[in-house]
Structure formats: structure tokens, C-alpha cells
1. Out of Arg339, Arg377, Arg363, report the one residue that is within 16 Å of the ligand (Cβ to nearest atom) and either modelled with pLDDT under 95 or not aromatic (Phe, Trp, Tyr) (or both).
2. Among Gly468, Gly434, Gly509, Gly458, which is within 30 Å of Leu308 (Cα to Cα), small (Gly, Ala, Ser) and away from the ligand (no atom under 16 Å from the Cβ)?
3. Which count do you get for residues in region 380-406 that are within 16 Å of the ligand (Cβ to nearest atom) and either in a loop (DSSP other than H, G, I, E, B) or of a type in the set (A, V, I, L, M, F, W, C) (or both)?
4. Condition first: in contact with a strand residue (DSSP E or B) (Cβ under 6 Å, 6 or more places away or on another chain) and either within 23 Å of Trp324 (Cα to Cα) or within 16 Å of the ligand (Cβ to nearest atom) (or both). Can you find one or more residues in region 495-502 that meet it?
5. Return a yes/no flag: does region 214-226 have any residue that is acidic (Asp, Glu), in a loop (DSSP other than H, G, I, E, B) and either closer than 23 Å to Met288 by Cβ or out of contact with any Leu (no Cβ under 7 Å at 6 or more places or on another chain) (or both).
6. Checking Pro586 against (1) closer than 27 Å to Ala658 by Cβ; (2) in contact (Cβ under 8 Å) with a residue 60 or more places away in the chain; (3) more than 16 Å from the ligand (Cβ to nearest atom), which single condition isn't satisfied?
7. Has region 385-396 got at least one residue that is at pLDDT 95 or above and under 24 Å from Asn536 (Cα atoms)?
8. Looking at Arg498, Arg518, can you tell me which residue is part of a strand (DSSP E or B) and charged (D, E, K, R)?
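The values are calculated or read from the model by the stated rules, or taken from the named source; none is laboratory data. Note that the structure is a prediction, hence the values are computed from the model and not measured. Cβ placement follows ideal geometry from the backbone for every residue including glycine, while neighbour counts extend to all protein chains displayed.
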Amino acid sequence: MSDTTAIESVLHENRVFDPPAAFARRAGHVHVPSMEAYHARHRRSIEDPEGFWSEAAEAFDWFTPFSKVLEWKLPDAKWFLGGTTNICHNCVDRQVDAGYGDDVAIIWEGEPMPGGRPEVRRLTYRELQAEVSRFANVLKGLGVERGDIVTIYMGMVPELAIAMLACARIGAPHSIIFGGFSAQAIADRVTDAQSRTLVTADGAWRRGKVVPLKGNVDAAIEMAGIVENVVVLKRTETAIGWTDGRDHWWHELTASASEECPCEAMDSEDMLFLLYTSGSTGKPKGIMHTTGGYMVYTALTAREVFNLVPDRDQVYWCTADIGWVTGHSYIVYGILPNRVPTLMYEGAPNHPEPDRFWDIVERHKVTQFYTAPTAIRAFMKWGDEHPRKHDLSSLQVLGTVGEPINPEAWIWYHETIGSKQCPIVDTWWQTETGGQLLTPLPGATPTVPGSCTLPFFGIDAAIVNEQGEEQPANTGGLLAIRQPWPSMLRGIYGDRPRFIDTYFSRIPGMYFAGDGARRDERGYFWIMGRVDDVINVSGHRLGTMEVESALVSHDAVVEAAVVGIPHEIKGTGIAAFCTLEPQHQPADEAATEALRATLSAHVGREIGPIARPDLIRFTDALPKTRSGKIMRRLLRDIAAGEDNPQDMSTLEDQSVLAQLRGT
Ligand code: PRX
């Protein structure tokens, strides 16, 4: 549990907000209009999952119909067995075939505002089909075959969505790496996935500066070695290194590529993508998602949770980066099948001014807005004058994801952004779950600030103890899912034991999410935070061991312990305690500061800027139990400035504690 203040406040929250009456009026149509409708469908989905999901799957084109809905042999779920389809076809071609080729699929806005005007591109389904097909042919021309893993490391440009859909089209699973990750992180992922083809850009715009994507790729390939082809999109026009034979310009290859490229018929259980996420060991794990179940689940959740309705002038905007699962599922794959334009924005929320997001909402008349609590807290801090400058009356549904939302931020979102007219959907899910599992439905569920409320259709969630026994109301426990759902992960790439161990060993017979939670007397879920060595920084998952490994890889550091601390904007910040090599002991305060800066930059280089510690403390020793385990709980208390004397009984060396406390 990382953010104790947030947890304290949610424990006492009892304000209930019914779906605002204005919502149904403005939406025109509401998919799930009442709690009765929700309960009836949820009951059906649990009692007859095969019937429920078989009907949901009918909304899609299948090249070969599936013969069986589910095969469940713990821990392996297979959905829509025997069926073949293609998610790119269902996102793009199906819309063109149905006569909607001229509808807008993607609205993109770049970060720079040349001459004070934004750069905007609108891609129709027909244009998207042509661009995706062209790039799919480019990949084939480079020798990419069905089953080959293609790594994508780009900024938020339309070509990122085009590249991922092109991979899906030809059956090459993609592995997208967030553009904020470092060369080392790319090298690790490329090596783990044995990926020979990489798609990148010369650079990405971020807060008016260029992130040197291609430079990072070059450094990564030096470490990883196995990459044979790199396709480079020209975006920032910055000078870059070039290796003839290996590097190719996107615009040159696509210029001569054909617009005809049939979609491969993929087995429902063929891998669609690999996405690396942090766990409690130092090595990120490649989460595997497959085709059919992921397609059906993400599109259905997107439709019901955001109340997506085509032909009603909706514009959906999720502010996440496609490098995270939120962007995979709720910018691209779950949205395009619903035929509501999905907006992609390239840059930072405060560039050139802190009102950029609200400016975008106003200009594009955004109807659904999905962001993270960390962003909401930053907006609160920047001041109400920024949203107040803009007409936000187009908004219908507001969403949050990634971390618990503190009630103050919830209320601010509700009042200042939503003018009390928009339901808030606080969606709980994970990279591993593929789609949203616990969430309100905007026209039905009464919401309580801080609670992600109730399970989506087909989700059998429970709070249990280590023996798998369900806990009574308001008793904290482990969040577990008792039945398989279509978009659940199918494994960790190349690591079957870790897959079983992480998700299916702690609680007998159930999927263990890694989160602690409780249910209230209403049955609503309240997420309390991770119970493993994972911290959630600004809604992004980081393993404490990853940061520790990065620190000890520096010459000065002997041993490091990393814990989460409450942070006003990030939710959880990173505190690092390090012991140093004797020759690197700083002589004075200035040297101490310099070493802190060096180590922070080093972590930024090893993992990425998001992993840079907020606090670095040097100490002669780390507090350990008699069996040698680092006492993280104690370090958390010290970092947060709240000593807790009861916890010191097993401490090996009391003088360590005195030193850490500065006494
Ligand atoms: O701890 C939970 C938290 O984020 C974790 C999943 O992180 P990741 O795989 O990076 O996916 C984030 C986006 C889906 C969870 O184990 N988390 C996610 N959503 C919420 C949340 N915690 C509380 N409330 C949420 N709505």
C-alpha cells in the first residue's frame, strides 16, 4: 500500500452520485440505462458465460466461425476456439466494407503549434486501410512473416497506430515500447522477444523538445545486436545516425508499396501482441495477448463503459500513450470497431500552456475523455482558470485509469471538468487483464468517489484471503478473479513458470491481480494498492527491483532499496536508500547533491525518466531483519517521515535506524 493518505480518505467516503440526468439526454442513446439492466446482464454473463460471449462475438466478422466458446484448464484459457479472424479487418476494413469508408477513424493533433495553429490530421477508415496496407507490404518486403515479433518505438503519431494495425494485418505480433523508455530498456525487450525488425522515428515532440528516439534505438541495437531492419519515420527533422542496409526511411519504402494487402486469417488464439510490464523481479515480463478474445472484450467494454454510439457526433479521447496497455486497448483496438473517431494527441498537457487539453476538448468537441488521476492532480495544481477558459460542454463521460483516484481529485474532475453533468468511470484493470474489469457504467451505476464500483459483464471478482476464502464486507484482502475472461493474458513470453507463479500460485484456483482491495456493504470495490514490490508512479507500473538494479549498476552504489512514498501529483513517488563504495563517499553537502544528481540521471538512462527517484538517501547500512531481508515497510515509513516504533523489533542493527532517521 503506497499512498496511505489516499487510502485513509477513501475509507471515509460515502457521497453517492447517481448518473446525472443530463447524461442520457445528451448522449441520445444509453447502452446500459439502469442498475436493473446491469444486474440482469451481469447475472446472465456469469451463469452462462458461453452464451453471453458467443452473442458478443457476433458483432465481429469471423473468417471461419468458432466451434467452441471457451476451454479453461487453469491457468490456460482459450476463447472462440477454431475461429479465425483479423482484428485489423474488424477495426478498419469492416467499416469500409459496410459503407463507412469516409467516416473519420483517427483525429490526430501534433504538439507544436506553428504560427499558433495546431497541426491536425484526420484519417478516414478508407485512408487508414490504404496506409495500413501499404505499411503491411513494407514489413513483408523486409522479410517479416506471420509470427515474427516487430518492435515499435515511436511517439504519438498516426503512424504508430498504422504500424500496429499493419502488424496485426499480417499476423506479426507487435511489441510496443513506450517512447520514454531508455536504450537499455529497448535492448532488453528486443532481446527477450528476439525481434529483428524495429519501427521508430527520428524523434518525438515532448514539451517543445525532441526526444531522440533514433539515437536510443541505435544505442540499443549496439547492446542487443539482433535487429536487422529499422524503419524510420521522419517527424522532427533532427539529425540522426544512419546505418546503410539496416536503416530505411518510412516515406521511401511506403512510396512504392502497394495499397493492396489482404488480412491474414488468424486463429483466435494466435498472439496479437506482446507488451512488457514491471513485476516484482528486476526483469520486465512480456505479457502475451491473443486475437479473438481480446478483440471482443476490448470493443465491448469500450462501447459500454464510454457509451460509444456511432453517428452521434461523438469524439473519443484517451490521453494515454499507446506505449502502455491503455493506449493499445482504448485508443486503438477497442475504439475503432465502435466507429467513433479516436483522438490521438502527440504531446504534453501543458504545452505551450497548461490549458492545452481543454483547448483540444473544445476545438474537437470531445465527448468522452479518459485520463489518469496523476494528470487530474496536476491540472488541479495548475489552477481552475485553465479549464474555465474553454467551453467543455461537449463532454459526456469522464474516465480515469491507472491508480486509485483520491476523492478531492474526483470531485474536482466532476465539478470543474464535468460541470456535474458527466458520469465518472473509474476503471480498474491491468496490462494482464487486457481490458477494464471493474468499472461503473455511465448511465447506470451510482458512483462513489474513490471506488471503481462493480465488475463488468463476465467478471467474477472477489476479495479473498490467501486460502481463497471470500472476505466479509469492508475487510481488506487480495483482489482475485475466479473465472476466465476473454482478454486475459495467455502467458509471459518465454517464461511459463513465472506466469504460473505470479498469477495462479498465491490463491488456489484463481487469478491473483497483485492488488489489495476491499468491498463495501454495497458490493463496491475499493483498490488499496499493490501488495507486491511494484509501485505505481503517475499511473505507471515500476518494479522496485528494476530501480534498485539500475542504482547498483552504478560504480558508486553497493546496495540499494527502493520504496514508494506519497507524492502530491504522482500518487506514489520513488525513494531510494543507497549504501556507497568507500571511495565514492561524498565529502560534503555539495558532493552529496552532485552524487544524487548523477545517480538520478543514471537511473533515467538505464530505465527512462519516469524511474528517476524523487528522494535519494545515503546510509552506511540498510535496515535488515535477522534473516537478511530489507525492511521495506520501515523504509517506507522513514521516507514518508512517519516513524513507527512497533516495527523495529526484528531490526538487526538499531544504529542503522538512528542514522536513517538522522538522529
Ligand atoms: O494497482 C492497480 C493500478 O494499476 C495496476 C495495473 O498497472 P498497469 O498494468 O500498468 O495498467 C494500468 C492501466 C490499466 C493495477 O494492478 N490500477 C489501475 N487502474 C486502477 C488502479 N488502481 C486503482 N484504481 C484504478 N482505477
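1. Working: Arg339 fails: within 16 Å of the ligand (Cβ to nearest atom); Arg363 fails: within 16 Å of the ligand (Cβ to nearest atom).
Criteria check complete, one pass: Arg377.
2. Among Gly468, Gly434, Gly509, Gly458, only Gly458 is within 30 Å of Leu308 (Cα to Cα), small (Gly, Ala, Ser) and away from the ligand (no atom under 16 Å from the Cβ).
3. Of the residues in region 380-406, the ones within 16 Å of the ligand (Cβ to nearest atom) are 397-406.
So of that shortlist, the ones also either in a loop (DSSP other than H, G, I, E, B) or of a type in the set (A, V, I, L, M, F, W, C) (or both) come out as 397-398, 401-406.
Summing the residues that are within 16 Å of the ligand (Cβ to nearest atom) and either in a loop (DSSP other than H, G, I, E, B) or of a type in the set (A, V, I, L, M, F, W, C) (or both) in region 380-406 gives 8.
4. yes
5. Just the residues of region 214-226 that are acidic (Asp, Glu), to begin with: 218, 222.
Next, from what is left, pick out any that are in a loop (DSSP other than H, G, I, E, B): none.
No, that holds for no residue.
6. For Pro586, the failing item is (2).
7. No.
8. Being part of a strand (DSSP E or B) and charged (D, E, K, R) holds for just one of Arg498, Arg518, which is Arg518.
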